[in-house]
């Protein structure tokens, strides 16, 4: 099966085209995710219906064990749904094989995790550039310069992870996630290992990516202060979405 592609206009342009139908970049329909402990069936997701439009910054909030991380892993193709449908940029994840899901993640999704997952032997430049090489298009110096400047990393590119603060490491991880212009960023508690000051810096930069580049972001968090940086907040409890309030 061939993975389909769509062109992402800036968020402002999408809003201006009020008479133009824009398809969601993420859709879940009656999504279930079940885990098993012996013979015991444990539902993490219970019929989740969820949509994200291009250019949105959506926070998914809820207490531990509510299913928000399971939702992110299924959206990212890192875990398979037990029942229901998941569409990412028009691609039905259930219809894709393992190789096709890997290709979709490589070209359409950028991940930011609580743990930075940087390669310790590479400096910041190497950790970002390797994502471009894995993507297959080689090193793009212009894109690299734009992203590293936007994230305030210009003076830290020759430093290895052990020589950077937690906030700097997370900014490198964000640069790595967006360097190939993915359609969707999935961020799982991106400030969970950071102090207050570095958390504010990272969240401000995610917000800037959303506003300046029209980047679509889904962020998992339990922190209402972090969720306030997004344009929409969705609350989860016991494996279901209970509302979709607008952030202040």
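The values are calculated or read from the model by the stated rules, or taken from the named source; none is laboratory data. Since this is a predicted model, take the numbers as computed values, not measurements. Positions of Cβ are generated from backbone atoms using ideal geometry, with glycine treated the same way; all protein chains shown enter the neighbour counts.
Go through (1) over 30 Å from residue 33 (Cβ atoms); (2) out of contact with any helix residue (DSSP H, G or I) (no Cβ under 6 Å at 6 or more places or on another chain); (3) in a helix (DSSP H, G or I) and name the single condition residue 147 misses.
Among (1) over 30 Å from residue 33 (Cβ atoms); (2) out of contact with any helix residue (DSSP H, G or I) (no Cβ under 6 Å at 6 or more places or on another chain); (3) in a helix (DSSP H, G or I), residue 147 violates only (2).
If residue 24 passes every condition in (1) within 25 Å of residue 90 (Cβ to Cβ); (2) touching a residue at least 60 places away in the same chain (Cβ under 8 Å); (3) in a strand (DSSP E or B) but one, which one does it miss?
(3)
Based on what the data block shows, is residue 96 surrounded by 15 or more Cβ atoms within 10 Å (Cβ to Cβ) and either free of Cβ contacts under 8 Å to residues at least 24 places away in the same chain or under 29 Å from residue 222 (Cβ atoms) (or both)?
No: the conditions fail for residue 96.
Residues that are touching a helix residue (DSSP H, G or I) at 6+ places or on another chain (Cβ under 9 Å), touching a residue at least 24 places away in the same chain (Cβ under 8 Å) and surrounded by 15 or more Cβ atoms within 10 Å (Cβ to Cβ): list the helices (runs of 4 or more DSSP H) wholly contained in region 150-248 that include at least 2 such residues.
166-178, 196-213
Which of (1) outside any helix (DSSP H, G or I); (2) modelled with pLDDT of 90 or more; (3) within 25 Å of residue 175 (Cβ to Cβ) does residue 6 not meet, given it meets every other one?
Unmet for residue 6, out of (1) outside any helix (DSSP H, G or I); (2) modelled with pLDDT of 90 or more; (3) within 25 Å of residue 175 (Cβ to Cβ): (2).
For region 111-131, indicate whether the set of residues that are farther than 24 Å from residue 206 by Cβ, surrounded by fewer than 21 Cβ atoms within 10 Å (Cβ to Cβ) and modelled with pLDDT of 90 or more is non-empty.
Within region 111-131, one or more residues are farther than 24 Å from residue 206 by Cβ, surrounded by fewer than 21 Cβ atoms within 10 Å (Cβ to Cβ) and modelled with pLDDT of 90 or more.
From the set of residues in region 33-68 that are in a strand (DSSP E or B) and over 22 Å from the mean Cα position of the chain (by Cα), which is farthest from residue 225 (Cα to Cα)?
40
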